[in-house]
């Protein structure tokens, strides 16, 4: 099988809200609700020669904090290894938004 750039499924907001709530209520939740990555960094991954998408790997950094590693992938399902591997996004908390009384149901 190979990737074509159309992998993944868009889900309803209600499903996303339920799934993130389930995660926060699980034994796996370590306090990080989400991680933000800027579009320019994501474009760097997508714009690599041969890239048709992004694969996300969970990890634990040298301080014991959970991290997500984002890497471009080609049509043959191979990670594009090199200098463009993304991490060190902005975790929520503290970067959760919500200023001005706006609440986000994905964050609970």
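Here, each number is a calculation from the coordinates, and none is a lab measurement. What you see is a predicted model; the values in this text were computed from it and never measured. FYI the Cβ positions are ideal-geometry reconstructions off the backbone, even for glycines, and counts take in every protein chain you see.
Normalised by the number of residues in the chain, what is the relative contact order in percent for Cα pairs under 8 Å and 6+ residues apart?
Numbers: 134 pairs, mean separation 33.9, N = 108.
So the answer I get is 31 percent.
Enter the angle in degrees (range 0 to 90, nearest 10) between the Cα long axis of helix 13-24 and the first principal axis of the Cα atoms of the chain, meaning the one along which they spread out most.
So the helix axis and the longest Cα principal axis differ by about 80 degrees.
If R0 is 22 Å, what FRET efficiency do you get for residue 28 and residue 87 from their C-beta distance, rounded to 0.05? Before the final figure, lay out the partial values.
Numbers: r = 19 Å, r/R0 = 0.87.
It comes out at approximately 0.70.
Taking square-rooted eigenvalues a ≥ b ≥ c of the alpha carbon gyration tensor, is the chain rounded, prolate or oblate, where a/c under 1.5 means rounded and, failing that, a/b exceeding b/c means prolate? Present the calculation step by step, with values, prior to reporting the outcome.
Working: a/c = 1.84, a/b = 1.56, b/c = 1.18.
Prolate shape, in that a/c is at least 1.5 and a/b is the bigger ratio.
Exposure proxy check: 56, 67 ranked by fewest other beta carbons within 10 Å? All intermediate terms of the calculation are to be shown ahead of the outcome.
Values: 56 11, 67 17.
Exposure proxy ranking, most exposed first: 56, 67.
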